[in-house]
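Step one of this worksheet: look at the structure below.
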Amino acid sequence: MSALADAPLAFVDVETTGGHPLHHRIVEVGVVLARGDAVEESWTTLVNPGARLPPAIQRLTGIDPAALEDAPHFADIAAPLAQRLEGRLFIAHNVRFDYGFIRNELRRAGHAFEARLACTVKLSRRFYPQQQRHNLDAVIAFHDLPCAARHRALPDAMALWQFWRRLRASWPAEAIEAALEELTRRVPLPPQLPPELVDELPESAGIYRFYGSAAAGGEESLLHVGSAANLRERVLGFWRHAPRAAKTRRLANDTRRVEWTEAAGELGAQLLEARCVRETPPAYDRRARDAGEALTWCFGDTPAAPRLQALADGWPEGDCFGLFRTAREARRVLAALAAEHKLCAKLLGLEEGEGSCLAYQVQRCRGACVGAEPPQRHLARAKLAFAAEKLKPWPFDGAVAIRERDFGGFEQWHVIDRWRYFGSLSGDAPESTAALRTAPDFDPGVYRLLTRYLAAHAPRVRPWPPRP
């Protein structure tokens, strides 16, 4: 074996109160220290998290909260744990999860920690692509690995060590070394960005913001906002692939700071992105122009001309068609549909005066303006012509909260009413309203996002405010 494969290794597993390293805490650590084919040390301890242990975690791990009362706090084990991990290749299943918890807990205890990482999920996918799944249960079953107790830290870490031994016995040293080189390769960042960004970016959904340097005496400028299902992959991917377009190169060169906000899933990330773009238009984003006034054509049940209404004034009665930024754009689209479907410009309010419309005089109108076509039939044809642009009515009786939960248990409730996004509340405090806006503007981007989402998903929804 060569350098990386024969380096000192640490196989690590943690059990936690939840899935988010910033919101939850470690309750058990298991570490197997190895080099080559030999185990140097195995070490484990329970950890008093200083927080509630959810019943679901108790059932999963079998850890009793009473057993944690006399366990050491993480600060008490931080120094010996950091000493054990120092200088070793950090290996775990979904390594960013375990590494994120260890790194954050060590940071809270005053220990700076960085390590090269290798993920056994990615190793399994690379060397055993025929497996349908690569979670730890699947890996243990596929390779018939011993595991004394699943979802306990040291037995799980031992299972990873056994998987590593199976790799070494089954594959050429050069193949394993090449895989490790690829997995542990650090993404080069431009010199103006801090190198610790590589380790700090989470592998969770959320939004990221690129900021440029401030002018003398001024504030730094927001250059770009984006959302991602995996913040780490999206942000580092931007720097990993050399930008080709001139505008993208300028963005890369002008960025001086990266900031992010995590979300429980893609819906929360995209809702937050839409709000940020609307409230603080980024310098490099053309989408900001879509955040202006939203107008729609409203047709009633009588043959009266449709009225153009701003959705900022409230959701209109009747059938609404189209979303437009300006009255000029709305009238242009209405005129185009009238010409295409031989509708009457006078009944649509596009022409004034007595007599027939101009289109009727050149046989491009079916004569609703002179009584040749019944007004109700003309109204039906007008609505049919606009059918593809019809706005969807709000499908609930009032405001609702849409639940979203990530794989680690982080939960949010997104509060929506008549397609307006009021904000998102953490599952840890879903009754708090501090994060909600009192009267958000109608945002066409949010409307389109929500209609697509509700058409493709059947989310958990509850009335808002929650009923007693």
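The values are calculated or read from the model by the stated rules, or taken from the named source; none is laboratory data. Predicted model only: the values in this text are computed from it and were never measured. A quick note on method: Cβ atoms are made from the backbone with ideal geometry, for glycine too, and the neighbour counts reach across all protein chains shown. Just so you know, the surface numbers come from the protein's heavy atoms only, side chains and all, with ligands and any DNA or RNA stripped out. Shrake-Rupley method; radii C 1.70, N 1.55, O 1.52, S 1.80 Å.
Residues within the reach of a label modelled at residue 426 (point 7 angstrom out along Cα to beta-carbon, backbone nitrogen below 17 Å), restricted to region 44-71, are 49-54. Here the calculated FRET efficiency for residue 256 and residue 149, from their Cβ-Cβ distance with R0 = 56 Å, stands at 0.70, rounded to the nearest 0.05. Using all pairs of distinct alpha-carbon atoms, the Kirkwood hydrodynamic radius of region 133-271 works out to 18.3 angstrom. The modelled label-to-label distance for the pair residue 307/residue 187, using points 7 Å beyond Cα in the direction of Cβ, is 5.1 nm. Specify which residue in the list 394, 228, 201 is farthest towards the positive end of the charge dipole of the chain, using unit charges on the beta carbon of Lys, Arg (+1) and Asp, Glu (-1), about the Cα centre. Result: 394. Rounded to the nearest 0.05, what FRET efficiency do residue 293 and residue 341 give with R0 = 30 Å and r taken as the Cβ-Cβ distance? Could you check? Plugging the Cβ-Cβ distance into 1/(1 + (r/R0)^6) gives 0.65. Under the convention that each Lys and Arg Cβ holds +1 and each Asp and Glu Cβ holds -1, the size of the dipole of region 320-389 around its Cα centre is about 160 debye.
In this rough spin-label picture, where each label sits 7 Å from Cα along the Cβ direction, the residue 407-residue 178 distance is 2.6 nm. Computed on protein heavy atoms with a 1.4 Å probe, the accessible areas place 414, 111 in the order 111, 414, largest first. Taking 0.36 nm per residue of sequence separation and removing the Cα-Cα distance, the residue 329/residue 132 pair yields an extension gain of 65.8 nm. Residue 213 exposes around 80 Å² of accessible area when a 1.4 Å probe is run over every protein chain in place. Of the residues 295, 308, 343, the one whose Cα sits farthest towards the positive end of the charge dipole of region 259-394 is 343 (charges of +1 on Lys and Arg Cβ, -1 on Asp and Glu Cβ, taken about the Cα centre). Region 65-144 and region 351-378 have Cα centres spaced 74 Å apart. Hey, how much of the P(r) for region 93-164 falls beyond 17 Å, as a percent of Cα pairs? Within region 93-164, distances greater than 17 Å cover 49 percent of Cα pairs.
Computed from the alpha carbon atoms alone, the convex hull of region 196-277 holds 101 Å³ per residue.
Sequentially through region 310-324, phi angles give Karplus couplings (6.51, -1.76, 1.60; θ = phi - 60°) of 7, 6, 5, 7, x, 6, x, 7, x, 8, 10, 9, x, 10, 10 Hz, Gly and Pro residues having no value and appearing as x. Across all directions, the shadow cast by the convex hull of region 259-343 built on its C-alpha atoms averages 8.2 square nanometres. Volume per residue for region 51-173 equals 127 cubic angstrom (convex hull of Cα atoms).
How big is D for region 1-121, in µm² s⁻¹ as a whole number, if Stokes-Einstein is applied with the Kirkwood radius of its Cα pairs at 20 °C and 1.002 mPa s? Rounded to a whole number, D works out at 145 µm²/s. In order along region 111-119, phi translates into HN-Hα couplings of 10, 6, 9, 9, 8, 7, 10, 9, 10 Hz, rounded to whole numbers, per the Karplus curve 6.51 cos²θ - 1.76 cosθ + 1.60 with θ = phi - 60° and x for Gly and Pro.
In units of the compact-protein estimate 2.2 N^0.38 Å, region 314-451 shows a Cα radius of gyration of 1.51. Rounded to the nearest 20 debye, the dipole size of region 187-282 about its Cα centre is 540 debye, using +1 on the Cβ of Lys and Arg and -1 on the Cβ of Asp and Glu.
Counting charges near residue 303 (Lys, Arg +1; Asp, Glu -1) among other residues having Cβ under 14 Å from its Cβ returns a value of +3. On the basis of the beta-carbon distance and an R0 of 41 Å, residue 199 and residue 317 show a calculated FRET efficiency of 0.15.
Among the protein heavy atoms of the chain, carbon and sulfur supply 49% of the accessible surface, probe 1.4 Å, non-protein parts ignored. Per residue, the accessible area of the chain comes to 50 Å² when a 1.4 Å probe rolls over the protein heavy atoms.
Suppose every K and R has +1 on its Cβ and every D and E has -1 on its Cβ; what is the size of the dipole of the chain about the Cα centre, in Debye to the nearest 20? That gives a dipole near 1760 debye. Taking the convex hull of the Cα atoms, report for the chain its projected area averaged over all directions, in nm². Taking a quarter of the hull surface, the average projection is 30.9 nm². Figure legend: label point modelled 7 angstrom from the Cα of residue 462 along Cα→Cβ; residues of region 403-418 with amide N under 18 Å from it are 403-406, 409-417.
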